[in-house]
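The values are calculated or read from the model by the stated rules, or taken from the named source; none is laboratory data. Keep in mind it's a predicted model, so treat the numbers as computed, not measured. Heads up, the Cβs are rebuilt from the backbone with ideal geometry, glycines too, and the neighbour counts pull from every protein chain shown.
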Amino acid sequence: MHVSVLNPRSLLRTVLMDDQSYGPLIEQHLASLRALVTGAVKGTSVEQDYGPARESGYIGKTMGVMAGGRFADKVQDVAVVGGGDWKAVAERMRAALEKRGSRWGLQLAYALELPEAETTVLGSTGSPMDSRSFEIVGAGADSTRDGFKCPGLAHAGAYPIEVVVTAEPGAVRVRVVDTMYRMKMFFKDAGKWAFMKNMGMPGSIQDELSTQIQPATAGTR
C-alpha cells in the first residue's frame with residue numbers, strides 16, 4: 001500500500017501561476033500533510049512525484065485548439081442565485097450531489113464549509129469516471145509504473161471534482177473548473193492521441209454534473 005497526496009507545489013505552479021509569495025505557505029502545507037500521514041500509518045517515508053509536471057503555470061492547447069489557457073480563466077459560474085443565502089444554497093447543492101449520476105457515477109464525496117469566506121466546497125467523484133480515466137492514462141509519463149495492475153492510480157489526485165458555492169455582493173455563485181481544462185491539467189501525459197480519442201468524455205462528465213446541480217438552483221440563471 002502507498003499513500004499519495006496532490007503536490008501543493010503543482011497547485012502553486014498552475015493555479016497561482018508561480019506566484020512565489022505563496023511559496024512558504026505551500027511548503028508548510030506540504031510538510032503538514034506529510035506529518036499527518038506519517039503520524040497515522042507505519043511505513044517508510046518517501047518522496048516521489050507522479051503524473052504530469054510542467055515548467056510553467058500556463059497550460060498550452062492540445063493540437064492548438066483544446067483545453068489551454070490560464071486557470072483563472074477556466075473557472076465557470078454554472079449558476080447564480082440572486083440575493084440568496086449561501087448556506088441554504090450549499091445545503092441544496094449537497095442534497096443534489098448525494099444522488100448518484102447515471103453514467104459516470106458522480107456523487108458527493110465531501111463538503112468543506114469555510115464560514116469566514118462564506119463558501120462551501122463540495123467534492124464529487126465516482127466510478128466509472130475514475131476507473132475509465134486511469135485506464136486511459138495508464139502509466140502516463142512514468143514508464144516505471146508499466147507493470148502495475150493499475151498504473152493510472154498515480155493520477156488519483158485529479159478527483160474529486162470541486163463544486164464551489166460562494167457568496168458575493170448581491171448573489172451566491174456556484175462554480176466549477178471547465179472539465180476539459182481540468183482533464184488537461186491532470187492527465188496531460190496521457191498524450192495527444194488519447195485526448196483526441198476521448199474528447200467527448202469531459203463534456204459528458206460536465207453534463208452529468210450540471211444535471212445534478214440544476215435542481216438545486218432551479219429558477220436561477
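Under 7 Å between Cβ atoms, which residue pairs at least 6 apart in sequence (or on different chains) link something in the stretch 52-70 that is surrounded by 13 or more Cβ atoms within 10 Å (Cβ to Cβ) with a partner that is modelled with pLDDT under 80?
Correct list of pairs: A67/K61; G68/K61.
The rows are residues; the columns are (1) in the same structural domain as L6 (by TED's automatic domain parsing); (2) touching a His at 6+ places or on another chain (Cβ under 9 Å); (3) among the aliphatic types (A, V, I, L, M).
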{"residue": "E118", "(1), (2), (3)": "no, no, no"}
{"residue": "S127", "(1), (2), (3)": "no, no, no"}
{"residue": "S133", "(1), (2), (3)": "no, yes, no"}
{"residue": "F148", "(1), (2), (3)": "no, no, no"}
{"residue": "E162", "(1), (2), (3)": "no, no, no"}
{"residue": "A190", "(1), (2), (3)": "no, yes, yes"}
{"residue": "M196", "(1), (2), (3)": "no, no, yes"}
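For residues that are surrounded by fewer than 18 Cβ atoms within 10 Å (Cβ to Cβ), among the hydrophobic types (A, V, I, L, M, F, W, C) and within 15 Å of the chain's Cα centre (by Cα), tally how many sit in the stretch 122-155.
Residues that pass the stated criteria total 1.
So, in the stretch 60-97, exactly how many residues are touching a Lys or Arg at 6+ places or on another chain (Cβ under 6 Å), at pLDDT 80 or above and assigned to a strand (DSSP E or B)?
3
Write out, first by first residue and then by second, each pair whose Cβ atoms fall under 9 Å of each other, whose residues are 6+ apart or on separate chains, and whose first residue, in the stretch 107-131, is free of Cβ contacts under 8 Å to residues at least 24 places away in the same chain while the second is of a type in the set (G, A, S) and part of a strand (DSSP E or B).
Q107/S124; L108/G123; L108/S124; A111/G123; L112/G123
Answer yes if at least one residue in the stretch 94-114 is more than 16 Å from the chain's Cα centre (by Cα) and under 28 Å from M17 (Cβ atoms), and no otherwise.
Within the stretch 94-114 (the criterion being more than 16 Å from the chain's Cα centre (by Cα) and under 28 Å from M17 (Cβ atoms)), the answer is yes, since at least one residue qualifies.
Just one of the numbered conditions (1) more than 11 Å from the chain's Cα centre (by Cα); (2) in contact (Cβ under 8 Å) with a residue 40 or more places away in the chain is not true of A218; which one?
Failing condition for A218: (2).
If I ask for residues that are at pLDDT 95 or above, hydrophobic (A, V, I, L, M, F, W, C) and over 15 Å from F134 (Cβ atoms), which ones from the stretch 176-204 would you list?
V176, V177, listed by residue number.
Which of the residues that make up the stretch 14-50 are outside any helix (DSSP H, G or I), surrounded by fewer than 14 Cβ atoms within 10 Å (Cβ to Cβ) and not acidic (D, E)?
Across the stretch 14-50, the qualifying residues are M17, V41, K42, G43, T44, S45, V46, Q48.
Count, please, the residues in the stretch 176-201 that happen to be crowded, with 20+ Cβ neighbours inside 10 Å and more than 18 Å from L97 (Cα to Cα). Break it down stepwise before answering.
In the first step, residues of the stretch 176-201 are kept if they are crowded, with 20+ Cβ neighbours inside 10 Å; the result is 176, 179-188, 190, 195.
From what's left, more than 18 Å from L97 (Cα to Cα): 180-188, 190, 195.
Looking only at that region, the number is 11.
Identify, by number, the condition in (1) surrounded by fewer than 16 Cβ atoms within 10 Å (Cβ to Cβ); (2) assigned to a helix (DSSP H, G or I); (3) touching a residue at least 24 places away in the same chain (Cβ under 8 Å) that V5 doesn't meet.
(2)
The rows are residues; the columns are (1) in contact with a helix residue (DSSP H, G or I) (Cβ under 6 Å, 6 or more places away or on another chain); (2) assigned by TED's automatic domain parsing to the domain that holds D189; (3) closer than 21 Å to F195 by Cβ.
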{"residue": "M17", "(1), (2), (3)": "no, no, no"}
{"residue": "S32", "(1), (2), (3)": "no, no, no"}
{"residue": "A40", "(1), (2), (3)": "no, no, no"}
{"residue": "V81", "(1), (2), (3)": "yes, yes, no"}
{"residue": "D85", "(1), (2), (3)": "no, yes, no"}
{"residue": "S102", "(1), (2), (3)": "no, yes, no"}
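Kindly list the number of the only condition in (1) at pLDDT 90 or above; (2) outside any strand (DSSP E or B); (3) in contact with a helix residue (DSSP H, G or I) (Cβ under 8 Å, 6 or more places away or on another chain); (4) hydrophobic (A, V, I, L, M, F, W, C) that fails for A53.
(1)
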